[in-house]
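Enquirer: Please read through the structure below; I'll follow up with questions.
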Amino acid sequence: MPLAPPTPEIRLRKLVDERENLIEQVKRLKGQLEQKKQKNGIEDVSSPEGDVLENGADSNIMDIQRDANRQVNDLRFKLVKSEQEVTAHEQNVTRLEGQVTRYKAASENAEKVEDELKAEKRKLQRELRSALDKIEELESSNSHLSKRLEKMKSGRATATTP
């Protein structure tokens, strides 16, 4: 038996969790970047080598900053994408809720029509039974009257033949 796909609520919850994790990661990386900037700023001031360490540290800082910026941009992109997916899922949920409402109304209407048709069928069956009983009664009466008529005819025939 294949597994059912996760419900929109479960998928939405996963996306929200992923979004929160990404936001936390962005904050953490920004904090790390800020700490590195402060740490490197303090080291540059206290460094006895002066320009040599600054130039080496500057390229190292630039590399770290580029990596951090790239990671931040990647995470922002993922965040925007997740928000778009959340919005799409919310719209899908709204659309499906509307469908459920329409289907429920249609189902209730169909059940009402079904009940009315069943009542009409019972009424027609009662009328049919009544009509069949009446037909049987009339056929019985017709048969009885036909026999009396035959008796009368045979009685006349015997009375007229002397």
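Enquirer: Residues in the range 91-108: is at least one surrounded by 10 or more Cβ atoms within 10 Å (Cβ to Cβ), out of contact with any helix residue (DSSP H, G or I) (no Cβ under 6 Å at 6 or more places or on another chain), β-branched (V, I, T) and under 30 Å from K30 (Cβ atoms)?
Expert: Among the residues of the range 91-108, not one is surrounded by 10 or more Cβ atoms within 10 Å (Cβ to Cβ), out of contact with any helix residue (DSSP H, G or I) (no Cβ under 6 Å at 6 or more places or on another chain), β-branched (V, I, T) and under 30 Å from K30 (Cβ atoms), which makes the answer no.
Enquirer: Just to check your reading of the model, which residue among K121, K151 is open to solvent by 90 Å² or more (accessible area, probe 1.4 Å), modelled with pLDDT of 95 or more and farther than 30 Å from R19 by Cβ?
Expert: Values: K151 fails: modelled with pLDDT of 95 or more.
Unique residue meeting the criteria: K121.
Matching residues to (1) assigned to a helix (DSSP H, G or I); (2) among the charged types (D, E, K, R); (3) at pLDDT 85 or above:
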{"site": "M1", "(1), (2), (3)": "no, no, no"}
{"site": "P6", "(1), (2), (3)": "no, no, no"}
{"site": "I10", "(1), (2), (3)": "yes, no, yes"}
{"site": "D17", "(1), (2), (3)": "yes, yes, yes"}
{"site": "N40", "(1), (2), (3)": "yes, no, no"}
{"site": "E43", "(1), (2), (3)": "yes, yes, no"}
{"site": "P48", "(1), (2), (3)": "no, no, no"}
{"site": "N55", "(1), (2), (3)": "yes, no, no"}
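Enquirer: I'd like the full set of residues that are open to solvent by 60 Å² or more (accessible area, probe 1.4 Å) and either over 14 Å from I23 (Cα atoms) or touching a helix residue (DSSP H, G or I) at 6+ places or on another chain (Cβ under 8 Å) (or both), limited to the range 65-90. Walk me through it before giving the result.
Expert: From the range 65-90, those open to solvent by 60 Å² or more (accessible area, probe 1.4 Å) are 66-67, 69-71, 73-74, 76-78, 80-81, 83-85, 87, 90; that's our starting set.
Within the range 65-90, R66, D67, N69, R70, Q71, R76, K78, E83, Q84, E85, T87, E90 qualify.
The values are calculated or read from the model by the stated rules, or taken from the named source; none is laboratory data. Only a predicted model underlies this, so the values are computations on that prediction, with no experimental measurement involved. For neighbour counting, all protein chains shown are included, and Cβ atoms are generated from backbone atoms with ideal geometry for every residue, glycine included. Side chains are part of the model used for accessible areas, which takes the heavy atoms of the whole protein and leaves out ligands, DNA and RNA. Shrake-Rupley method; radii C 1.70, N 1.55, O 1.52, S 1.80 Å.
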